[in-house]
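Visitor: Just passing along the structure, written as structure tokens.
The values are calculated or read from the model by the stated rules, or taken from the named source; none is laboratory data. Since this is a predicted model, take the numbers as computed values, not measurements. Every residue, glycine among them, receives a Cβ derived from its backbone with ideal geometry; neighbour counts consider all protein chains shown.
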Amino acid sequence: MTLHDMTRRHFFGRTATTMGVPALASLLGADTGATHFTPRAKRVIYLFQSGGPSQLDLFDYKPGLAGLRATELPDSIRRGQRLTGMTATQTSFPVAPTIYKFARRGQSGQWMSELLPNLAQVADDLTFVKSMHTQHINHDPAVTFFQTGFQLAGRPSIGAWLSYGLGSENKDLPAFVVMVSQGSGNPADQPLYDRLWGSGFLPTRYQGVKFRSVGDPVLHINDPDGMPKTARRRFIDDVNTLNQIKYDEMGDPEIATRIAQYEMAFRMQSSVPELLDLAKEPEHIFDLYGPDARKPGTFAANCLLARRLSERGVRFVQLFHRGWDQHGALPKQIPGQARDIDRACYGLITDLKQRGLLDDTLIVWGGEFGRTVYCQGKLTQDDYGRDHHPRCFTMWMAGGGMKRGLTYGETDDFSYNIAENPVDVHDLHATILHALGMEHTKLTFKFQGRYFRLTDIHGNVVKPLLA
């Protein structure tokens, strides 16, 4: 028995899963994109709204609350819910109806707030889930749970799982790209960490590649001054030869990842500048996304880049938009925050539809939890705030095989508890994977003697959402 045979078994043993063969082929450079069944979508654009958007002020219309303004939230509704440290010491929990007008939009009659006039124009393309719920009441575990299916750091992110399972459609760009924008609503909003798009215990090739808006878009991608392209090519070839020798000795998948990533970085030196060059985009495209689309690092600019990435075959594009944590001064903060995303989301959906890409591109929009109907702090005639609320909140999807113009799930009259068709985070993940042709119970990876998956031991596909 040769060392080569032993290390091959070591390598396959560490990476063997139900999806192991296609994933291994992807790792070594031959992406297969295998699926369990015919997919409805080929790629995902996940518009994560960090901080917790208020469903009461955006999507979950509760007209009966107007007559209950400043009354105490009934104990029968609150049911002894665990409170955050921000409101645990409050002695009063006054009902705070939204001050914003709602109307039915599109032929489907979707209820939407006046804060989102542009998104309302594509209401018939949206699939609302108004009965989302989660386990976590604080930002960090709640965001981590949404990204990885587990509340503690260390698991692979959803984008890493999809990159691992499906591979890439473009050898010159990563399968998983991340961009972060700061909203105008709350500039001091919760921080975000690189681990949220990490690969956890998966090979590091599958982690998200963060595109920056200032300086080099990808760190360390440019050659040092004085190094010509031919010299860089020879340097990478020599380094990869040494890495291959080490890989043949050890069979460590991280060495194979290193080889693949050196090659990817070299190709990205040409593909990324072309991707980020918006000079050839016509004026009417910028008009779709709004004036912020010309400002690098804004949510609108990132939405335009997400379209460009998607049409080039990037599997998973995730845009994190901060600023939704409105504990106080909500009427001062949320209009700007909504304005950040309103025109851009409309533009993204319309742009994809015009290019014939919406049918096989799944857009997901939502945060880590919702907001309370009761006011945090003092309720006045023109001011109120809302605390974190994991029991019920709204998300929406578009394209990618979802049933358009649908509202799924309902909340009670206070938007405090789910009245019908609850959907938890694992259900959402299972449904996203299903849209991409993946059976969520079969996308697994063996780590420390156990087969792990994004949905852990939970999750059901929400079939009524599917077209």
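Visitor: Inside segment 312-339, can you point out the residues that are part of a helix (DSSP H, G or I) and touching a strand residue (DSSP E or B) at 6+ places or on another chain (Cβ under 7 Å)?
Guide: Residues of segment 312-339 that are part of a helix (DSSP H, G or I), as a first pass: 330-339.
The one that is part of a helix (DSSP H, G or I) and touching a strand residue (DSSP E or B) at 6+ places or on another chain (Cβ under 7 Å): Leu330.
Visitor: Another one. Six or more apart or on different chains, Cβ atoms under 7 Å: show the pairs whose first residue is in segment 199-216 and surrounded by 22 or more Cβ atoms within 10 Å (Cβ to Cβ) and assigned to a helix (DSSP H, G or I) and whose second is modelled with pLDDT of 90 or more and of a type in the set (S, T, N, Q).
Guide: Cβ pairs passing all conditions: Tyr206/Ser163; Tyr206/Ser199.
Visitor: Tell me whether segment 395-403 contains one or more residues that are under 30 Å from Arg355 (Cα atoms) and surrounded by fewer than 19 Cβ atoms within 10 Å (Cβ to Cβ).
Guide: In the first step, residues of segment 395-403 are kept if they are under 30 Å from Arg355 (Cα atoms); the result is 395-403.
In the following step, the residues that additionally are surrounded by fewer than 19 Cβ atoms within 10 Å (Cβ to Cβ) were identified as 403.
Yes, some residue in segment 395-403 is under 30 Å from Arg355 (Cα atoms) and surrounded by fewer than 19 Cβ atoms within 10 Å (Cβ to Cβ).
Visitor: Within segment 261-268, can one find any residue that is among the basic types (Lys, Arg) and over 25 Å from Gln49 (Cβ atoms)?
Guide: Within segment 261-268, the first condition is being among the basic types (Lys, Arg), and the residues that meet it are 267.
Okay, now just the ones that are also over 25 Å from Gln49 (Cβ atoms), so 267.
Checked segment 261-268: at least one residue is among the basic types (Lys, Arg) and over 25 Å from Gln49 (Cβ atoms).
Visitor: Something else: Scan segment 175-185 and tell me whether some residue there is part of a loop (DSSP other than H, G, I, E, B), surrounded by fewer than 23 Cβ atoms within 10 Å (Cβ to Cβ) and touching a residue at least 40 places away in the same chain (Cβ under 8 Å).
Guide: First, pick out the residues of segment 175-185 that are part of a loop (DSSP other than H, G, I, E, B): 175, 183-185.
Still in the running and surrounded by fewer than 23 Cβ atoms within 10 Å (Cβ to Cβ): 184.
Adding the requirement that they be touching a residue at least 40 places away in the same chain (Cβ under 8 Å) leaves 184.
Yes: one or more hits.
Visitor: Which pairs have Cβ atoms under 7 Å, sit 6 or more apart or on different chains, and link a residue in segment 152-169 that is surrounded by fewer than 24 Cβ atoms within 10 Å (Cβ to Cβ) to one that is assigned to a loop (DSSP other than H, G, I, E, B) and of a type in the set (Asp, Glu)?
Guide: Listed by first residue and then by second, the contacts come to Gly167/Asp31; Ser168/Asp31.
Visitor: In segment 341-375, what residues are over 23 Å from Pro117 (Cα atoms), part of a helix (DSSP H, G or I) and without any contact (Cβ under 8 Å) to a residue 60 or more places away in the chain?
Guide: Of everything in segment 341-375, just one residue is over 23 Å from Pro117 (Cα atoms), part of a helix (DSSP H, G or I) and without any contact (Cβ under 8 Å) to a residue 60 or more places away in the chain, namely Asp359.
Visitor: For segment 396-432, what are the residues that are over 20 Å from the mean Cα position of the chain (by Cα) and hydrophobic (A, V, I, L, M, F, W, C)?
Guide: Within segment 396-432, Leu406, Phe414, Ile418, Ala419 meet the criteria.
Visitor: Checking the condition touching a helix residue (DSSP H, G or I) at 6+ places or on another chain (Cβ under 8 Å) and under 30 Å from Thr35 (Cβ atoms), which residue from Gly183, Gly159 passes? Reasoning before the result, please.
Guide: Values: Gly183 fails: under 30 Å from Thr35 (Cβ atoms).
Every option except Gly159 fails the conditions.
Visitor: Being closer than 23 Å to Leu83 by Cβ, buried (at least 24 other Cβ atoms within 10 Å of the Cβ) and of a type outside the set (D, E, K, R) is the filter here, so list the residues in segment 357-373 that pass it. I'd like the intermediate steps shown before the answer.
Guide: If we filter segment 357-373 for residues that are closer than 23 Å to Leu83 by Cβ, which is where we start, we get 366-373.
Checking which are buried (at least 24 other Cβ atoms within 10 Å of the Cβ) leaves us with 367-373.
Of everything in segment 357-373, those that are closer than 23 Å to Leu83 by Cβ, buried (at least 24 other Cβ atoms within 10 Å of the Cβ) and of a type outside the set (D, E, K, R) turn out to be Gly367, Phe369, Gly370, Thr372, Val373.
Visitor: I need the full set of residues from segment 425-458 which are among the acidic types (Asp, Glu) and either crowded, with 24+ Cβ neighbours inside 10 Å or free of Cβ contacts under 8 Å to residues at least 40 places away in the same chain (or both), in order please. Please lay out each step first, then the result.
Guide: Of the residues in segment 425-458, the ones among the acidic types (Asp, Glu) are 427, 439, 456.
Correct list: Asp427 only.
Let's see how each residue does on (1) in contact with a strand residue (DSSP E or B) (Cβ under 7 Å, 6 or more places away or on another chain); (2) at pLDDT 95 or above; (3) within 22 Å of Arg43 (Cβ to Cβ):
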{"position": "Ala123", "(1), (2), (3)": "yes, yes, no"}
{"position": "Thr127", "(1), (2), (3)": "yes, yes, yes"}
{"position": "His133", "(1), (2), (3)": "yes, yes, no"}
{"position": "Ser168", "(1), (2), (3)": "no, no, yes"}
{"position": "Lys171", "(1), (2), (3)": "no, no, yes"}
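Visitor: Within segment 447-467, how many residues turn out to be in contact with a Phe, Trp or Tyr (Cβ under 8 Å, 6 or more places away or on another chain) and either aliphatic (A, V, I, L, M) or closer than 30 Å to Asp124 by Cβ (or both)?
Guide: Residues meeting the conditions: 4.
Visitor: Let me ask something else about it. Taking segment 394-429 on its own, how many of its residues are in a loop (DSSP other than H, G, I, E, B) and either within 22 Å of Gly51 (Cα to Cα) or touching a Cys at 6+ places or on another chain (Cβ under 9 Å) (or both)? Walk me through it before giving the result.
Guide: Filtering segment 394-429 down to residues in a loop (DSSP other than H, G, I, E, B) leaves 399-401, 403-405, 409, 412-417, 421-422.
If we keep only those that are either within 22 Å of Gly51 (Cα to Cα) or touching a Cys at 6+ places or on another chain (Cβ under 9 Å) (or both) as well, we get 409, 412, 414-417, 422.
Result for segment 394-429: 7.
Visitor: Glu281 passes all but one of (1) acidic (Asp, Glu); (2) assigned to a helix (DSSP H, G or I); (3) over 17 Å from Val177 (Cβ atoms); which number fails?
Guide: Only one criterion is unmet by Glu281, namely (2).
Visitor: Could you say whether any residue in segment 224-235 is among the acidic types (Asp, Glu), out of contact with any Leu (no Cβ under 8 Å at 6 or more places or on another chain) and touching a residue at least 40 places away in the same chain (Cβ under 8 Å)?
Guide: We begin by selecting, within segment 224-235, every residue among the acidic types (Asp, Glu); these are 225.
Now narrow it down to the ones that are out of contact with any Leu (no Cβ under 8 Å at 6 or more places or on another chain): 225.
When the remaining residues are screened for being touching a residue at least 40 places away in the same chain (Cβ under 8 Å), the result is none.
No.
Visitor: Please specify each residue of segment 73-90 satisfying the condition of being loosely packed, with under 13 Cβ neighbours inside 10 Å and either part of a loop (DSSP other than H, G, I, E, B) or touching a strand residue (DSSP E or B) at 6+ places or on another chain (Cβ under 8 Å) (or both). Give the derivation first.
Guide: Taking segment 73-90 first, the residues loosely packed, with under 13 Cβ neighbours inside 10 Å are 75-76, 79-80, 82, 85, 88-89.
Across segment 73-90, the qualifying residues are Arg79, Gly80, Arg82, Gly85, Ala88, Thr89.
Visitor: Would you please list the contacts, defined by Cβ atoms under 8 Å and residues six or more apart or on different chains, that run from a residue in segment 102-121 that is touching a residue at least 40 places away in the same chain (Cβ under 8 Å) to a residue that is assigned to a loop (DSSP other than H, G, I, E, B) and among the hydrophobic types (A, V, I, L, M, F, W, C)?
Guide: Once the first residue is touching a residue at least 40 places away in the same chain (Cβ under 8 Å) and sits in segment 102-121, its partners that are assigned to a loop (DSSP other than H, G, I, E, B) and among the hydrophobic types (A, V, I, L, M, F, W, C) give Trp111/Phe59; Met112/Phe59; Ser113/Phe59.
Visitor: Let me ask something additional. Would you tally the residues in segment 261-294 being under 26 Å from the mean Cα position of the chain (by Cα), surrounded by fewer than 19 Cβ atoms within 10 Å (Cβ to Cβ) and either farther than 30 Å from Asp351 by Cα or modelled with pLDDT of 85 or more (or both)?
Guide: Within segment 261-294, residues that are under 26 Å from the mean Cα position of the chain (by Cα), surrounded by fewer than 19 Cβ atoms within 10 Å (Cβ to Cβ) and either farther than 30 Å from Asp351 by Cα or modelled with pLDDT of 85 or more (or both) number 9.
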